[in-house]
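The values are calculated or read from the model by the stated rules, or taken from the named source; none is laboratory data. Just so you know, these numbers come straight off a predicted model, no measurement behind them. Reconstructed Cβ throughout: ideal geometry from the backbone, glycine too, with neighbour counts over all protein chains shown.
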Amino acid sequence: MKIETINELLIDVIGKASKITSKNPNQPILENVLLEVIDESTLKVTSYNLDIFYTQEIFIKTKETGKRGKICINPNLLLSYLNLFNKNENVIIEICEKSIKLKINNQESDIQAVSGDTYPDIRNFNIDKKEDVLTVNSDLIIDGIQSVSFAAALSSIKPELSCVLISYEDDVFHFVATDGFRLVEKKKIINKDDIKNIDDFKQILITAKNLNDLLKVIYVNISISIFLEKGLFCIKTSDSLLCVRTVSGLYPNYKAIIPNNFITNIEMNTNDIVDSLKVSNIFSDDFNYVKIDVNDNDINFYSKNSKIGESVSKKDIIKKGESITQNYNHRYLSDFLSKVKSDKVIIDISGKTTPTIIRPKDDNSYVYMVMPMNK
């Protein structure tokens, strides 16, 4: 059957779907996306990698009322071809048994494909319209994930530590991640009247890797509906569905380990500390070690590498409490500070061997806890 659509729509949706495909020696079909004609005005593009399911509809034209067709094709090959043409061009696609024929302007091409019948059974993802959904702006989810996912553990030895915790409590969504050496929390205020089933959102665990893949396909600043179904965290829009597998388990009681008493309070310019840590990145040793001396009116960042040399950066601060010397992994500090948008940060040091808290000034919604290094 033949369908017609606009090149820009194909490039956008297939480009996103391609980011979900994966190489799987047991199921090589997952390297492809599924193109499926649902009716005379709808083409559905689907990709699936066993952890994430993504599907989106594209408007098409076809004169073959009632006819359907489906085919699997390598998205990167198709994108390479489509990107050769103007995005405003019309694309005519003929779906054959094991190929698709494309016509754009006077160019005609035949690309090999695979029968859509061999694609995994995705009927479990045909989720009916739900009433117990939470409607929010997609930026809430995007910002929450981007703010914390960097701190999740890379190892899956403790599965819960490789996850981001998403939980709802007292009109606030909490996004939390930790690898055991640092912890970050981002709070997003939400109207509790929008949540019909609060218990669904008490604790959601999703691996940071899968959430970062989710960020590759979710559109910014649009209205989305989120809900939980069959062990899946689902995001639905008017024309798309995105489902990510959740992880079973209990997240550590992170609130119990956040200190409340501090011996030193520092206020300083965000750019000052970011610039100092960039220098530390050059001169630090294999342990990413940086020594920080806190004095009455300034702070010194020391880095030394026997093979390269050493460096000292001095910056002005406003200090309350004790002068102190601390050792940190400079990468742990940089990871958080690169996300901070405020001009100033507050650093609260609780002791030589106890956690340090860093947050943007006048913003308690974003808090980072990091352990000092023993050296």
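Across segment 86-99, the qualifying residues are those that are within 23 Å of P28 (Cβ to Cβ) and surrounded by fewer than 17 Cβ atoms within 10 Å (Cβ to Cβ), and the one among them that is modelled with the highest pLDDT is S99. Remark: pairs (first residue in segment 234-259, free of Cβ contacts under 8 Å to residues at least 24 places away in the same chain and closer than 25 Å to Y366 by Cα; second residue surrounded by fewer than 18 Cβ atoms within 10 Å (Cβ to Cβ) and of a type outside the set (K, R); Cβ separation under 8 Å; 6+ apart in sequence or on different chains) are absent. Residues that are of a type in the set (G, A, S) and buried (at least 17 other Cβ atoms within 10 Å of the Cβ) number at least 1 in the following strands (runs of 3 or more DSSP E) confined to segment 267-375: 298-305, 309-316. Against the criterion of being in contact with a strand residue (DSSP E or B) (Cβ under 9 Å, 6 or more places away or on another chain) and without any contact (Cβ under 8 Å) to a residue 40 or more places away in the chain, K339 does not qualify.
The listed residues are S109, S80, S115, S99, and the only one of them that is touching a Leu at 6+ places or on another chain (Cβ under 6 Å) and farther than 30 Å from I358 by Cα turns out to be S109. Residues in segment 65-85 that are over 26 Å from F125 (Cα atoms) and either touching a helix residue (DSSP H, G or I) at 6+ places or on another chain (Cβ under 7 Å) or touching a residue at least 40 places away in the same chain (Cβ under 8 Å) (or both) were compared, and the one that is surrounded by the most Cβ atoms within 10 Å (Cβ to Cβ) is L82. What's the number of the only condition in (1) touching a Gly at 6+ places or on another chain (Cβ under 9 Å); (2) in a strand (DSSP E or B) that S225 fails to meet? (1) is the only condition that S225 fails.
Residues in segment 156-166 that are touching a helix residue (DSSP H, G or I) at 6+ places or on another chain (Cβ under 7 Å) and surrounded by fewer than 20 Cβ atoms within 10 Å (Cβ to Cβ): S156 only.
Residue-wise test of (1) of a type in the set (S, T, Y); (2) part of a strand (DSSP E or B); (3) assigned by TED's automatic domain parsing to the domain that holds L214; (4) surrounded by fewer than 16 Cβ atoms within 10 Å (Cβ to Cβ).
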| site | (1), (2), (3), (4) |
| --- | --- |
| E8 | no, no, no, yes |
| I11 | no, no, no, no |
| A17 | no, no, no, no |
| I20 | no, no, no, no |
| P25 | no, no, no, yes |
| L50 | no, no, no, yes |
| T55 | yes, yes, no, no |
| K63 | no, no, no, yes |
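Take the residues in segment 235-252 that are of a type outside the set (G, A, S) and touching a Leu at 6+ places or on another chain (Cβ under 7 Å); name whichever of them is farthest from N212 (Cα to Cα). Only one residue fits best here, namely Y251. The set of residues from segment 248-266 being part of a helix (DSSP H, G or I) and farther than 18 Å from F336 by Cα comprises K255, A256, I257. Regarding S248, is this residue under 19 Å from P372 (Cα atoms) and small (G, A, S)? So S248 fails the test.
To keep it simple, each residue is scored yes or no on (1) among the aromatic types (F, W, Y); (2) surrounded by 20 or more Cβ atoms within 10 Å (Cβ to Cβ); (3) not assigned by TED's automatic domain parsing to the domain that holds K319.
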{"residue": "D171", "(1), (2), (3)": "no, no, yes"}
{"residue": "D199", "(1), (2), (3)": "no, no, yes"}
{"residue": "K202", "(1), (2), (3)": "no, no, yes"}
{"residue": "V217", "(1), (2), (3)": "no, yes, yes"}
{"residue": "G231", "(1), (2), (3)": "no, no, yes"}
{"residue": "K236", "(1), (2), (3)": "no, no, yes"}
{"residue": "R245", "(1), (2), (3)": "no, no, yes"}
{"residue": "N265", "(1), (2), (3)": "no, no, no"}
